[in-house]
């Protein structure tokens, strides 16, 4: 892992917060970066949990597979986020499947090697707990948003995350197909399309996957207003 940006992103991973800098540098040098084309699998539900991942570029889709072959979307994971790090127990198996929703670059962390690293740096165990707790807190917050926020507000929050804290106008292309984004936001693709069109009232223009936010500050105010 040579790129400075990759190192900076990985250093900010919550599950590595307890790792001393010298150990981090060694860990980073030994951690492979994988490039996975859109639609290709990372792991399968029920398979042995041999690795977990930290996303550097692109998006990964997490889903459950039913006996009838139907998929239930669980989560989308984007840049700066990790997934499957809770699967560190020996003989653990993945409870979900994961694939690249877009072309994906991610750090692949071998679970056996990471368990060995924990024995050298016990603080990492607390970091893993903190990371899992953070995900649980995020899940609770997401459930509350799904129950209380309108589709338009949930979509606006997703768009604002992509724009970040910049001021003024923001232009970008949606990183995922609408069906994936709709699943992440707990709505149907049709509801997503209608909600996205409704955001024209706060300065959002959508032409297929191309998005223009005329005023990021105005969009932020819409997301952060106090009423549900």
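State, as an integer percentage, the relative contact order of the range 4-140 based on alpha-carbon contacts under 8 Å between residues 6 or more apart.
35
Given the range 4-140, what percent of its DSSP beta bridges are antiparallel, to the nearest 5?
Here the share of antiparallel DSSP bridges comes out near 100 percent.
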- Query: How high is the relative contact order of the range 149-224, given as a whole-number percent (alpha carbon pairs under 8 Å, six or more residues apart)?
  - Reply: 44
- Message: Using a Förster radius of 25 Å, what is the FRET efficiency between residue 218 and residue 171 based on their Cβ-Cβ separation? Nearest 0.05, please.
- Response: 0.95
- Message: Can you tell me which of 172, 192, 63 moves the most in a GNM of the chain? Springs connect C-alpha atoms under 10 Å apart.
- Response: 172
- Can you give me the three principal axis dimensions of the range 74-228 from its C-alpha atoms, in Å, biggest first? 54, 32, 29
- Message: Sorting check: for 175-181, 56-62, which peptide has the highest mean count of neighbouring beta carbons within 10 Å, and how do the rest follow?
- Response: 56-62, 175-181
- Query: At what distance in angstrom do the alpha carbon centres of the range 146-186 and the range 1-62 lie from each other?
  - Reply: 24
- Report the far tail of the P(r) of the range 11-152, meaning the percent of Cα-Cα pairs longer than 21 Å. 46
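Laboratory data are not the source of any read-out in this text; all were calculated from the coordinates shown. Remember, predicted model here, so these are calculated numbers, not experimental data. Here the Cβ is made from the backbone with ideal geometry for all residues, glycine too, and neighbour counts use every protein chain on show.
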